[in-house]
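Remarks on the structure that follows.
The values are calculated or read from the model by the stated rules, or taken from the named source; none is laboratory data. Here the structure is a predicted model, which means the values were calculated and not measured. We place every Cβ from the backbone using ideal geometry, glycine too, and count neighbours over all the protein chains shown. These accessible areas exclude ligands, DNA and RNA; they are computed on the full protein's heavy atoms, side chains included. Shrake-Rupley method; radii C 1.70, N 1.55, O 1.52, S 1.80 Å.
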Amino acid sequence: YKKANDELKVVQQQTKKSPELEEILEEVRKQTVSYAASGLMVPELFEELAKDGSKQLAKALLVSVTDFDVSITTGNGKKQNSFYHCLCEELISQDETAFQSIIGETAKYLINELKKVET
(Lines give C-alpha, C1' and ligand atoms only; values in the text may rest on other atoms or scores of the structure.)
Protein backbone atom coordinates (compact mmCIF):
# COMPACT_ATOMS: atom_id res chain seq x y z
CA TYR A 1 0.00 0.00 0.00
CA LYS A 2 2.70 2.45 1.01
CA LYS A 3 4.78 1.85 -2.12
CA ALA A 4 1.74 2.29 -4.36
CA ASN A 5 0.71 5.40 -2.43
CA ASP A 6 4.20 6.93 -2.67
CA GLU A 7 4.48 6.12 -6.37
CA LEU A 8 1.02 7.58 -7.01
CA LYS A 9 2.09 10.83 -5.34
CA VAL A 10 5.15 11.03 -7.62
CA VAL A 11 3.09 10.28 -10.74
CA GLN A 12 0.49 12.91 -9.83
CA GLN A 13 3.20 15.55 -9.40
CA GLN A 14 4.73 14.92 -12.81
CA THR A 15 3.93 17.39 -15.54
CA LYS A 16 3.32 14.59 -18.03
CA LYS A 17 0.43 12.65 -16.52
CA SER A 18 -0.10 8.93 -16.95
CA PRO A 19 -3.78 8.13 -16.32
CA GLU A 20 -3.20 4.42 -16.93
CA LEU A 21 -0.45 4.24 -14.31
CA GLU A 22 -2.52 6.25 -11.83
CA GLU A 23 -5.42 3.85 -12.36
CA ILE A 24 -3.20 0.82 -11.78
CA LEU A 25 -1.71 2.31 -8.60
CA GLU A 26 -5.16 3.21 -7.27
CA GLU A 27 -6.26 -0.38 -7.90
CA VAL A 28 -3.19 -1.74 -6.07
CA ARG A 29 -4.07 0.45 -3.07
CA LYS A 30 -7.71 -0.65 -3.19
CA GLN A 31 -6.86 -4.36 -3.45
CA THR A 32 -4.31 -4.15 -0.63
CA VAL A 33 -6.89 -2.60 1.68
CA SER A 34 -9.52 -5.14 0.63
CA TYR A 35 -7.12 -8.03 1.29
CA ALA A 36 -6.27 -6.67 4.75
CA ALA A 37 -9.95 -6.18 5.59
CA SER A 38 -10.76 -9.73 4.49
CA GLY A 39 -7.91 -11.05 6.62
CA LEU A 40 -9.28 -9.25 9.65
CA MET A 41 -12.89 -10.30 9.08
CA VAL A 42 -12.28 -13.92 7.99
CA PRO A 43 -8.88 -14.91 9.37
CA GLU A 44 -9.45 -18.63 8.81
CA LEU A 45 -9.18 -18.02 5.06
CA PHE A 46 -5.61 -16.84 5.45
CA GLU A 47 -4.24 -19.49 7.83
CA GLU A 48 -1.34 -18.18 9.90
CA LEU A 49 -1.05 -14.79 8.20
CA ALA A 50 -4.19 -13.32 9.74
CA LYS A 51 -4.53 -15.48 12.85
CA ASP A 52 -4.03 -12.53 15.19
CA GLY A 53 -5.07 -9.70 12.88
CA SER A 54 -6.30 -7.31 15.57
CA LYS A 55 -2.99 -7.68 17.41
CA GLN A 56 -1.07 -7.08 14.18
CA LEU A 57 -3.15 -3.97 13.53
CA ALA A 58 -2.46 -2.70 17.06
CA LYS A 59 1.26 -3.25 16.62
CA ALA A 60 1.20 -1.35 13.32
CA LEU A 61 -0.56 1.53 15.06
CA LEU A 62 2.06 1.52 17.82
CA VAL A 63 4.87 1.68 15.27
CA SER A 64 3.05 4.54 13.53
CA VAL A 65 3.57 6.69 16.61
CA THR A 66 7.34 6.43 16.51
CA ASP A 67 8.22 5.81 12.86
CA PHE A 68 6.44 8.04 10.36
CA ASP A 69 8.17 6.31 7.43
CA VAL A 70 6.11 3.18 8.05
CA SER A 71 3.08 4.85 9.60
CA ILE A 72 -0.31 3.45 8.60
CA THR A 73 -2.05 6.58 9.86
CA THR A 74 -0.58 9.05 7.37
CA GLY A 75 -0.89 9.06 3.62
CA ASN A 76 0.74 11.66 1.45
CA GLY A 77 -0.23 14.32 3.94
CA LYS A 78 -3.94 13.49 3.76
CA LYS A 79 -5.75 11.49 6.41
CA GLN A 80 -8.13 9.98 3.85
CA ASN A 81 -5.13 8.49 2.01
CA SER A 82 -3.82 6.64 5.05
CA PHE A 83 -3.95 2.87 5.05
CA TYR A 84 -5.70 2.90 8.44
CA HIS A 85 -8.42 5.29 7.28
CA CYS A 86 -9.02 3.27 4.11
CA LEU A 87 -9.05 0.02 6.09
CA CYS A 88 -11.64 1.35 8.54
CA GLU A 89 -13.81 2.61 5.67
CA GLU A 90 -13.56 -0.78 3.96
CA LEU A 91 -14.46 -2.67 7.14
CA ILE A 92 -17.44 -0.40 7.79
CA SER A 93 -18.68 -0.75 4.22
CA GLN A 94 -18.47 -4.56 4.36
CA ASP A 95 -19.66 -5.27 7.91
CA GLU A 96 -20.04 -2.60 10.57
CA THR A 97 -20.40 -5.18 13.34
CA ALA A 98 -17.11 -6.79 12.32
CA PHE A 99 -15.51 -3.34 12.25
CA GLN A 100 -16.62 -2.67 15.83
CA SER A 101 -15.34 -6.07 16.96
CA ILE A 102 -11.96 -5.70 15.24
CA ILE A 103 -11.38 -2.17 16.50
CA GLY A 104 -12.54 -3.25 19.97
CA GLU A 105 -9.99 -6.09 20.03
CA THR A 106 -7.31 -3.75 18.73
CA ALA A 107 -8.12 -1.22 21.45
CA LYS A 108 -7.99 -3.93 24.13
CA TYR A 109 -4.51 -4.92 23.00
CA LEU A 110 -3.36 -1.29 23.04
CA ILE A 111 -4.82 -0.75 26.51
CA ASN A 112 -3.06 -3.86 27.83
CA GLU A 113 0.23 -2.62 26.35
CA LEU A 114 -0.25 0.76 28.01
CA LYS A 115 -0.93 -0.90 31.37
CA LYS A 116 2.48 -2.55 31.15
CA VAL A 117 4.21 0.84 31.19
CA GLU A 118 2.14 2.27 34.06
CA THR A 119 4.32 0.75 36.78
For the range 4-95, take N as its residue count and report Rg(C-alpha) divided by 2.2 N^0.38 Å. 1.18
Can you return the lysines within cross-link range of K16? Criterion is Cα-Cα under 30 Å, with same-chain partners fewer than 8 residues away left out. K2, K3, K30, K78, K79
Diffing the range 26-37: the Karplus 3J(HN,Hα) column from phi (6.51, -1.76, 1.60, θ = phi - 60°), in whole Hz with x for Gly and Pro, holds 4, 5, 4, 4, 4, 5, 5, 5, 4, 4, 5, 4
What is the local net charge at L25, summed over the other residues whose Cβ is closer than 12 Å to its Cβ (Lys, Arg +1; Asp, Glu -1)? -2
Go through the range 9-118 and name the trypsin sites (Lys or Arg not before Pro) that are in a DSSP coil and have 14 or fewer other Cβ atoms within 10 Å of their Cβ. K16, K17, K51, K78
Within the accessible area of the chain, what % is carbon and sulfur when the probe is 1.4 Å and the other protein chains stay in place? 55
Roughly how many Å² is the accessible area per residue of the chain, as a whole number, for a 1.4 Å probe? 69
